[in-house]
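The structure under discussion appears below in the form of structure tokens.
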């Protein structure tokens, strides 16, 4: 699938050798031959092409990652529509999850770059007109345009219906005023899918989705936001920003439906990214435990270490089962609101514990900047918050259980 111009594999310092143990789950009945072939090609490609793509300029690194992922064909999995650069007319959830798991194992920013191309353009894949799809999706798939998904506001994160960024229709345009925050790819995106209150009805029923191109007059980057695991993040501002009605996705007032449908496609993949981080941490812990000597034996010889490794491995497998159950069910047409929430909650919380345990095995070396476990420790934390915090997932699961019980 991918076209790789590299001539020699570049293995980063500390890269665990071999992949057999961490791809055993591909034999589970959730997967088909195409998924096994995907990982067989993707894993060595990622080790050669993106594992060492790090640098002090996060914006430049993300642009390079998007370009590389696009040129080598992997972003085709992130968009829907054969006619518009996608690999098929529907998004293969299991493939997206395997891509995110594998990329996260090698490079968290590579996973981020892939995921945001999918999430940022997902509403266009699902609800765009033929003209909108033709204008944006081929460039996203080729890595020639960077996408962003602008939903959150200072007072409207988990409570989407509380958003206040508003737009009024003025002839053939919407006029936007307000702000968005915590927007991934903010500052480097070429276009943003922006959700605004248009007032057709109260609450969630009065929201509309618009595609806003970077550089549109009245649209600006109010603030760049630095976080513990650096990636492009910003607060956006809109001041009498005029956007053509032709840039609307779906009908007016259907923005909440557009947002939730887009998130439903990609929420399970957040669990897969956490799984990739957790697998890398477990491999690092195993390498450390079997090589670190103390008190005349290796760290792995201590029963306390063995018990911890057993807990870590069991947690990783449990998270993988929930993640790929949800992905398989969605690919087979099932409604997976509860299953996706269970997967996202379990995988992210488990990954946090596994990474913390791995860092503990490294002792003081584990908190040295640049160590793999130190990087993982910073990268995992946001996954327990974005696309629905753990507490929100608990509410979703309970709501679905109670709904089923009432029925």
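The values are calculated or read from the model by the stated rules, or taken from the named source; none is laboratory data. As the structure is a prediction and not an experimental result, all values here were calculated from the model. Heads up, the Cβs are rebuilt from the backbone with ideal geometry, glycines too, and the neighbour counts pull from every protein chain shown.
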Pairing a residue in the stretch 224-240 that is under 26 Å from residue 53 (Cα atoms) with any residue that is part of a loop (DSSP other than H, G, I, E, B) and at pLDDT below 95, where Cβ atoms lie under 7 Å and the two sit 6 or more apart in sequence or on different chains, gives 233/227
Scanning for something out of contact with any strand residue (DSSP E or B) (no Cβ under 7 Å at 6 or more places or on another chain), surrounded by 19 or more Cβ atoms within 10 Å (Cβ to Cβ) and closer than 30 Å to residue 284 by Cα, does the stretch 78-87 turn up at least one residue? yes
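Okay, residues lined up against (1) touching a residue at least 24 places away in the same chain (Cβ under 8 Å); (2) over 12 Å from the mean Cα position of the chain (by Cα):
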residue	(1), (2)
57	no, yes
65	yes, yes
96	yes, no
113	yes, no
Residues (at pLDDT 95 or above and over 24 Å from residue 267 (Cα atoms)) located in the stretch 137-164: 144
I need the full set of residues from the stretch 167-205 which are crowded, with 16+ Cβ neighbours inside 10 Å, within 14 Å of residue 253 (Cβ to Cβ) and within 27 Å of the chain's Cα centre (by Cα), in order please. 195, 196, 197, 204
Answer yes if at least one residue in the stretch 240-258 is farther than 26 Å from residue 199 by Cβ and either outside the structural domain of residue 210 (by the TED database) or crowded, with 19+ Cβ neighbours inside 10 Å (or both), and no otherwise. no
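Only one of 128, 157 is over 24 Å from residue 220 (Cβ atoms) and crowded, with 18+ Cβ neighbours inside 10 Å; which? Please lay out each step first, then the result.
Details: 157 fails: over 24 Å from residue 220 (Cβ atoms).
So the residue among 128, 157 that is over 24 Å from residue 220 (Cβ atoms) and crowded, with 18+ Cβ neighbours inside 10 Å is 128.
Evaluate the following for residue 321: is it modelled with pLDDT of 95 or more and not assigned by the TED database to the domain that holds residue 93?
yes
May I ask you to say which residue of 235, 267 is within 20 Å of the chain's Cα centre (by Cα) and surrounded by 22 or more Cβ atoms within 10 Å (Cβ to Cβ)?
Working: 235 fails: surrounded by 22 or more Cβ atoms within 10 Å (Cβ to Cβ).
Just a single option satisfies the conditions, and that option is 267.
Taking the residues in the stretch 1-33 that are in a helix (DSSP H, G or I) and surrounded by 12 or more Cβ atoms within 10 Å (Cβ to Cβ) as candidates, determine which candidate is modelled with the lowest pLDDT. Don't jump to the end; show me each part of the working.
To start, the set of residues in the stretch 1-33 that are in a helix (DSSP H, G or I) comprises 21-27, 33.
Next cut, surrounded by 12 or more Cβ atoms within 10 Å (Cβ to Cβ) only: 21-23, 25-26.
Values: 21: 65, 22: 69, 23: 79, 25: 90, 26: 91.
Residue satisfying both the conditions and the ranking: 21.
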What are the pairs with Cβ atoms under 6 angstrom where one residue, in the stretch 335-350, is more than 24 Å from residue 381 (Cβ to Cβ) and in the same structural domain as residue 309 (by the TED database) and the other, located anywhere, is in a loop (DSSP other than H, G, I, E, B) and at pLDDT 95 or above? Sequence gap at least six, or different chains. none
Output for the stretch 321-344, where each listed residue is in contact with a helix residue (DSSP H, G or I) (Cβ under 8 Å, 6 or more places away or on another chain) and either outside any helix (DSSP H, G or I) or surrounded by 24 or more Cβ atoms within 10 Å (Cβ to Cβ) (or both): 323, 324, 326, 327, 336, 340, 341, 343, 344
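Here's the yes/no breakdown for (1) in contact with a helix residue (DSSP H, G or I) (Cβ under 7 Å, 6 or more places away or on another chain); (2) assigned by the TED database to the domain that holds residue 187; (3) more than 21 Å from residue 261 (Cα to Cα):
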| residue | (1), (2), (3) |
| --- | --- |
| 57 | no, no, yes |
| 68 | yes, no, yes |
| 87 | yes, no, no |
| 102 | yes, no, yes |
| 137 | yes, no, no |
Any chance the stretch 359-369 includes a residue that's closer than 30 Å to residue 265 by Cα and within 25 Å of the chain's Cα centre (by Cα)? no
